[in-house]
Amino acid sequence: MQQPLKIAVLECDEPIGRTKDKYGGYGNVFKALLDSGADLIADKDGVKRPELDIRKYDVVNAEVYPKLEDIDAVLLTGSRYTAFDNDPWILKLVEFTKQVLAQKSVRLIGVCFGHQIVGRAMDVKVDRSDRGWEVSVTPVQLTEKAKALFGVKELAIHQMHHDIVYTYPESVEPLGHSPRCDVQGMYTKGRLITVQGHPEFTGDIVEELLENRHARGIFDDAMFKDGMERVRKHHDGVAVGAAFIRFLLEG
């Protein structure tokens, strides 16, 4: 890939409250993550900092998509919506994801809902988890491949999901698991990388989501308290952001 790396962020939702005031849209949340990842690569890998061209597309309301010939990569964000629903915009997103998977030049990144959309596009089961919600900073046990990709032995990452990918597609390398989710990430060299967690989330973002969902009765008192106790713990989001950039640069 020639620099700058042209990354199309498909915004599958929009932030709420304070997060929306600060960032505007999730495209800017991911821009912050990817910029930090590029900085980390320059610092740790001793290479010139990759230049990034982040392009944002509202696929929920405007249903706009990039032309594949104009970009190097597609990133699917998280969402409050359900990846296995059949709303027209979700079906359109699944079909677009299948188009990305069917060609070889544009690479694919999926995060949380985006990870689940990739799983659905690859014809594996995506559904509500029978183990309940997974929220706030959570440890993920990594495969050897994931340890190499992320540069950590165990991944601490923000979670905010009740839906999961149930099984790994045959063509991908597993990246990790947690007690409540067996499929925490998928990887195929030069093609795709996904994570169930939210590397782009900060303590402020997750705190607001916990407060909002507790106020609306989605999270009971016990789940809210548990999530808030872990919300400010160290997490490896930037290490995952750096792994995304390395994935885009790998031959």
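In terms of modelled amide H atoms, which long-range or inter-chain residues lie less than 5 Å from the amide H of residue 192?
Answer set, sorted by chain and number: 108.
Output ³J(HN,Hα) for segment 82-94: one whole-Hz value per residue in order, computed from phi by the Karplus curve 6.51 cos²θ - 1.76 cosθ + 1.60 with θ = phi - 60°, and x for Gly and Pro.
Taking θ as phi minus 60°, the curve returns 10, 5, 9, 6, 10, 4, x, 5, 6, 4, 5, 5, 4 Hz for segment 82-94.
Would you list 40, 5 from the most to the least accessible area, probe 1.4 Å?
The ranking, largest first, comes out as 40, 5.
Convert each backbone phi in segment 180-196 into a coupling constant with the Karplus relation 6.51 cos²θ - 1.76 cosθ + 1.60 (shift: θ = phi - 60°), then list the ³J(HN,Hα) values in order as whole Hz, x for Gly and Pro.
The phi angles translate into 9, 7, 6, 10, 8, x, 9, 8, 9, 3, x, 10, 8, 9, 9, 9, 6 Hz.
In the structure shown, do any of 20/225; 20/145; 145/225; 44/98; 20/48 have a Cα-Cα gap over 30 Å, and if so which? Mind showing how you got there, number by number?
Details: 20/225 24 Å; 20/145 35 Å; 145/225 34 Å; 44/98 34 Å; 20/48 32 Å.
The answer is 20/145; 145/225; 44/98; 20/48.
So, for the chain, what is the accessible surface per residue at a probe of 1.4 Å, expressed in square angstrom?
Roughly 44 Å² per residue, with all protein chains present.
Taking the Cβ of residue 132 as the centre, find all other residues whose Cβ is under 13 Å away and add up their charges (Lys, Arg: +1; Asp, Glu: -1).
With Lys, Arg at +1 and Asp, Glu at -1, the net is -2.
Where does the chain land at 222 nm, in deg cm²/dmol rounded to the nearest 500, when only DSSP H runs of n ≥ 4 count, each adding -39500 (n - 2.57), divided by all residues?
Computed mean residue ellipticity for the chain: -11500 deg cm²/dmol.
Using a cut-off of 9 Å between beta-carbons, work out the net charge of the residues near residue 190 (Lys and Arg +1, Asp and Glu -1, residue 190 not included).
Net charge around residue 190: +3.
For the chain, give the share of DSSP beta bridges that are antiparallel, in percent and rounded to the nearest 5; count only bridges with both residues there.
50
How much solvent-accessible surface does residue 245 expose, in Å² to the nearest 10, with a 1.4 Å probe and all protein chains in place?
0
Which ³J(HN,Hα) values, rounded to whole Hz and listed in residue order, are derived for segment 7-19 from phi using the Karplus coefficients 6.51, -1.76 and 1.60 in 6.51 cos²θ - 1.76 cosθ + 1.60 with θ = phi - 60°, glycine and proline given as x?
After applying 6.51 cos²θ - 1.76 cosθ + 1.60, I find 10, 8, 8, 8, 7, 8, 5, 10, x, 10, x, 4, 5 Hz.
If amide hydrogens are placed 1.01 Å from N in the peptide plane, which non-local residues have theirs closer than 5 Å to the one on residue 81?
HN-HN under 5 Å from residue 81: empty list.
What is the spread of the Cα atoms of segment 1-137 along each of their three principal axes, largest first, in whole Å?
44, 36, 30 Å, listed from the longest principal axis down.
For residue 85, what accessible area in Å² do you get when you roll a 1.4 Å probe over the heavy atoms of the protein chains, rounding to the nearest 10?
60
Carbon-plus-sulfur fraction of the accessible area of the chain, 1.4 Å probe, in percent?
48
In whole Å, what is the distance between the alpha-carbon centres of segment 17-89 and segment 175-251?
Going from one Cα centre to the other spans 15 Å.
Quick one: which residues, 5+ away or cross-chain, put their amide H under 5 Å from the amide H of residue 12? H built at 1.01 Å from N.
Long-range HN contacts for residue 12: 77.
Determine, from the Cβ-Cβ distance of residue 249 and residue 153 and an R0 of 25 Å, the FRET efficiency 1/(1 + (r/R0)^6), rounded to the nearest 0.05.
Once the sixth-power term is evaluated, E becomes 0.60.
The values are calculated or read from the model by the stated rules, or taken from the named source; none is laboratory data. Being a predicted model, the structure only gives us computed values, none of them experimental. Because the Cβ atoms are built from the backbone with ideal geometry, glycine has one as well, and the counts that use them run over all protein chains shown. Calculation scope for accessible area: heavy atoms of the full protein, side chains included, ligands and nucleic acids excluded. Shrake-Rupley method; radii C 1.70, N 1.55, O 1.52, S 1.80 Å.
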